[in-house]
Amino acid sequence: MPDGSDSSTHGINNATHWEEKNITPTRSQFLSSILLLAVLVFAACSPLAAQELVQTAIPSVATNSNLESSATVQAPTANNSTTLYVFAAASLTEAFEGIARSFEASHPGVRVVLNFAGSQQLAQQIIQGSPADVFASANQKQIDAVIADGRIAPDTAQPFAQNQLVVIVPKDNPAQITRLQDLSNADLRLVLAAKEVPVGQYSIEFLDKASQDANFDPAYKAAVLKNVVSYEDNVKAVLSKVGLGEADAGIVYLSDISADNAARILQIEIPKALNVIATYPIAPVQDSANGELAAAFIALVLSAEGQSSLANFGFIPVK
C-alpha cells in the first residue's frame, strides 16, 4: 500500500503557498484542508471507503459533484439484454438471418441466437435439454419427436414455408450429367443427405417416384444409390461438396441456390410429378423463459414481411 507521502507533501505545499501569499487561512479552511488530506491518503488504500467518507463527512462536496448520481446510474451492458434461442433447419440459414436482424431491430435489447443444423440434430439437442425458444424444422417428423418428449406442446406447430428438390452438378459438369436418368450412370460420384435428414428422406421419395415412372428404369433407385459416395448430416454439406467439385452431383433444396451458389453449380430440374414438396413447421418450446418473444418471432415469420423474405430465398410461402 502506498505510504501517502505524495499526498502529505501536496498538503504541505498548499500551506506554504498560503504563507508566500501572506494569506492566513481561516479555521474552517484549515480543518477542511486537513480533512481532504485524510481523504486523499485513505483513498490510496480504499477508493470505495473514501467515497463513503466524502459523502458522510463532507456532504456539501457530494452534493456539489456527480458522485452520488454516478454511483446509482449504470450504463447498459450485455447482461441487460434478453437472448432468444432459435433452432432452425440448415436450409433456412440465409432467410432466417435476415428475419432475425429485422426482429432485433424492432425489439431493442433482444439478441437472437440462431442455431442451424439438420432438423434431426436440432430435435435431439432440444430433447437432450439444450436451451431453446423456437424450433423451425424442415419436416413434421422432427417436430413430432420433440412433442413426444414434452418440450413442444401438441397442436402448437404451424407450417410457415414449403420447399422442393433440385439436382445440382459442378459448374464444369465433369460427369456430363444433363438429365435425371444420368444419375444412374456407372462410376458417378453422388452425394446425398442421410435418410435421417429431411432432405435425405425427400430424395429417397423422389427416387421411389422415378422408379415407378415409365421414363425411368424400374431399377433406377438402386442404380442411383449405388453411386452414393457419402451421406451428409445436412443439406449445406451436400451443396458445399458439389460446389467444390468433390462430387459429380447432389440433391438439395431449390432454396439453397443463392446467387453465390448459382455461380458454382448447374441445376437440373425435377419435374413436379416426381418432385417432393417439403413443408416446414415452426413451434415455440413450451418451457421457454421467453414465451412472449418466441410467439412474436413466430408471428414475424408468418407475417407478410417474413413470408416475403422466405420467398426471396426460393421458399414457397404458405400464406
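Every number here is computed from the coordinates shown, using simple stated rules; none is lab data. On a predicted model such as this, the values are computed, not experimentally measured, just so you know. Glycine also receives a Cβ, built like all others from the backbone with ideal geometry; neighbour counts cover every protein chain displayed.
Overview of results
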| read-out | value |
| --- | --- |
| Burial ranking of peptide ranges 246-253, 130-137 (average Cβ count within 10 Å, highest at the top) | 246-253, 130-137 |
| Counted charge near Val228, where neighbours are those whose Cβ lies closer than 14 Å (Asp, Glu -1; Lys, Arg +1) | +1 |
| Neighbourhood net charge (15 Å Cβ-Cβ; Lys/Arg +1, Asp/Glu -1) for Val134 | -3 |
| Net lengthening on full extension, Lys226/Thr82 (0.36 nm per residue, minus Cα-Cα) | 46.9 nm |
| Whole-angstrom Cα spans of segment 192-319 along principal axes, big to small | 52, 31, 26 |
| q = 0.09, 0.14, 0.16, 0.17 Å⁻¹, segment 118-272: log10 I(q)/I(0) [Debye, one scatterer per Cα] | -0.32, -0.72, -0.89, -0.96 |
| Pairwise label distance in nanometres, Thr279 with Glu246, each label 7 Å out on the Cα-Cβ vector | 3.5 nm |
| Diffusion constant of segment 122-174 at 25 °C, which comes from Stokes-Einstein with the Kirkwood Cα-pair radius and 0.890 mPa s, µm²/s | 185 µm²/s |
| Efficiency of FRET from Cβ geometry, Asn115 and Ala148, R₀ 22 Å, rounded to 0.05 | 0.60 |
